[in-house]
Amino acid sequence: MYNGEICGKEALMLKGNIKGKLKSLLVILAALAAVVGLFVFMFSGDNAEIVKSLFNDNLSEGEFKEKLQSFGIRGAVTLSLLSMLQVVLTFLPAEPVQVLSGIGYGFGYGFLICLIGVIIGNTVIYILNKACGSKVSKYFHKNIDLDFDKLRNSKKVAFFVLLLYFLPAIPYGMICFFSASLDLKYPKYILLTTFGASVSIVIGVSMGHLAMSTSWIISIIVFCVLVVLIVILAVKRKALFKKVNAMIHKSHEPYKSDTVAKKPNPFILYLSVLIMKIVIWWKLKAKVTRKAKLEHPAVLLCTHGSFVDFAYVGCMTKGFRPRFITARLYFYKKKLAWLLRKVGSYPKSMFSRDVENLKNGLRVISEGGVLAMMPEARLSTVGKFEDIQDTTYKFIKKLGVPVYIMHADGSYFARPKWGDGFRKGAHVDIVFDSLFTAEQVKLMSEEELKAGVEEKLYYDDFKWLEEHPTYRYKSKTLAEGLENILFRCPNCGKELTIETKGREVSCSHCGMHTRLNDRYGFDGETPFNNFQTWYEWQKEELEKEFNADPEFALLEEVELYHSSFDGKKMLRLAGKGQVTLSREGLTYKGTDTDEEVEKHFPMSILYRVLFGAGEDFEVYDGKEIWYFVPPDKRSCVKWYVASEIMKKASEKEQA
């Protein structure tokens with residue numbers, strides 16, 4: 001019985017192979033019959049006269065045009081069929097037919113005649129490939145110096161197919177056979193191959209058209225230019241193929257956020273600054289005070305109350321192009337990274353050891369540039385200066401150049417971390433000033449440098465607002481988003497119960513209700529004058545819990561995101577698991593790209609757990625981000641506050 005089954009299977013396989021071969025043979029025979037039929041058509045009756053006239057040197061261009069047009073539709077059909085044959089029979093040159101089409105019918109009709117022939121030829125090859133394409137593909141691969149295995153699997157295969165049409169010594173028919181072997185759907189295949197061949201058709205038909213519509217001198221000049229280009233391409237053939245292979249291999253590499261700091265593109269930077277100026281001056285009332293003239297190389301330290309502080313730097317600077325240290329997260333998306341690089345930015349993994357950042361900073365200074373940074377390295381949560389990591393001062397000392405500051409008051413209220421969009425008409429006071437000379441930086445201790453920087457950069461937008469009693473903020477949705485930084489109700493003590501709508505702030509548990517007025521203060525039941533004091537109260541309450549419980553920890557089920565592989569999106573979902581934050585550090589247990597992992601960030605290397613208001617909390621590990629999204633995104637701020645409390649307690653214990 002077993003042997004019988006084997007024999008039965010072999011018989012079925014043999015039968016299938018015979019059917020496949022018969023099918024291929026029928027396709028080949030049908031194709032040959034079609035080609036023979038075309039030849040018969042071309043050399044029958046008046047068509048024979050047309051073909052002869054194509055190779056008749058005694059006819060002038062005018063006489064050829066007259067003779068060709070006298071054949072009516074037969075002339076156009078014959079040229080179209082010849083165009084088809086030069087695709088299928090790859091050894092036939094395409095240019096003579098294209099030039100003669102231009103001579104006989106002008107550019108428009110000549111282009112259409114050749115295009116129809118190419119489409120038919122490309123379709124014939126697509127059909128032939130189904131029968132015997134593998135044999136043709138092997139010949140193609142053997143004679144062309146390209147890595148076709150990698151090309152076939154490239155994410156940019158369509159781009160490379162089009163590029164093949166511009167390389168020397170590759171017949172268009174061969175490119176069609178290769179394209180058909182990619183198992184492309186017919187619509188995509190015919191679009192790619194027809195579009196690729198169109199450039200050649202345009203050139204060939206234009207040559208013929210120019211010969212009839214312009215002087216012979218212009219035709220000769222154009223012809224000579226094309227010949228020179230073809231010769232150059234032929235001479236540089238190996239170098240061209242080597243370059244294309246390098247591009248093919250690069251297309252297989254995963255996208256990386258690495259960046260070598262380069263000088264910004266003047267045009268793109270100017271255009272970006274112009275757009276920023278229009279937006280800022282339209283939306284805001286910005287006042288700029290310059291107290292010093294910037295000499296470079298230099299370091300420019302900026303306050304970071306708002307997401308658009310970098311825009312103030314761009315609008316304020318004159319005569320120099322600052323390079324910005326920017327969060328690596330934004331370089332995970334290829335298109336955004338391209339723009340950031342063009343305006344002079346380079347990435348840094350915030351609160352993580354990043355050697356690339358050090359090298360780029362030294363490179364900027366060595367080139368005589370201005371290095372701009374927001375040393376707080378995160379947006380202010382409640383419009384108040386936040387501490388600066390000590391390693392920043394070591395970095396400034398190492399650079400050893402003059403230090404300047406850009407101090408902005410009111411920037412936070414114009415576009416707070418938790419808010420959506422600008423508060424139109426908001427006032428922003430920007431001051432540019434000198435802080436230290438290069439000699440002072442070299443002679444000062446890190447402690448002295450720290451004291452000087454923090455004194456000059458310190459800001460508190462609520463205190464600034466008290467000094468300007470006439471300033472008002474008229475947004476109808478002024479309070480929306482506050483629930484993403486206020487995680488505890490002051491009335492009932494419950495967490496993650498705060499809700500907002502318009503200007504209203506309430507607790508879903510106890511019903512506490514208040515309203516945010518146009519001075520960012522509260523009118524209602526809350527015991528706090530503003531959300532800054534509310535935030536500081538909940539921080540104090542959390543610190544009490546931490547001090548009272550040696551086993552204090554935060555724990556949450558999360559989705560894990562990492563940087564995307566291809567750079568099309570910023571992030572990709574990598575897994576799900578559980579995150580714990582304790583005195584020992586941050587630990588993730590769960591899946592990561594289909595593997596079970598346990599990742600630990602000890603408190604010794606953890607400075608802060610960064611957070612996006614109502615979005616995520618995150619840490620960097622080298623050049624990779626660990627981006628955690630909890631079910632209730634209002635909890636993200638609590639992780640940030642807890643990490644600050646735990647880090648300071650850890651530093652106090654070690655002191």
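The values are calculated or read from the model by the stated rules, or taken from the named source; none is laboratory data. Just so it is clear, the structure is predicted and the values come from calculations on it, not from any experiment. Counting neighbours? That spans all protein chains shown, and the Cβs are built from the backbone with ideal geometry, glycine included. The accessibility values were calculated without ligands, DNA or RNA, using every heavy atom of the protein model including side chains. Shrake-Rupley method; radii C 1.70, N 1.55, O 1.52, S 1.80 Å.
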LEU115 - accessible surface, heavy atoms, 1.4 Å probe, Å² rounded to 10: 30 Å²
log10 of Debye I(q)/I(0), alpha-carbon scatterers only, for the stretch 301-419 at 0.12, 0.15 Å⁻¹: -0.43, -0.69
Cα centre as origin, Lys/Arg/Asp/Glu Cβ charges: the stretch 554-655 dipole, Debye: 400 debye
Distance from the stretch 578-638 to the stretch 439-461 (C-alpha centre basis), Å: 32 Å
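Counting other Cβ atoms within 10 Å, which trypsin sites (Lys or Arg not before Pro) in the stretch 445-552 have at most 10 and lie in a DSSP loop?
Details: sites: LYS450, LYS456, LYS463, ARG472, LYS474, LYS476, ARG488, LYS494, LYS501, ARG503, ARG515, ARG519, LYS539, LYS544; in loops: ARG472, LYS474, LYS476, LYS494, ARG503, ARG519.
Answer by residue number: LYS474, LYS476.
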Solvent accessible area, Å² - LEU271, 1.4 Å probe, full protein context: 80 Å²
Alpha-carbon centroids, the stretch 248-315 and the stretch 319-374: separation in whole Å: 10 Å
Average accessible surface area per residue within the stretch 438-552, 1.4 Å rolling probe, Å²: 53 Å²
Fraction of accessible area attributable to carbon and sulfur, the stretch 410-534 (%, probe 1.4 Å): 45 percent
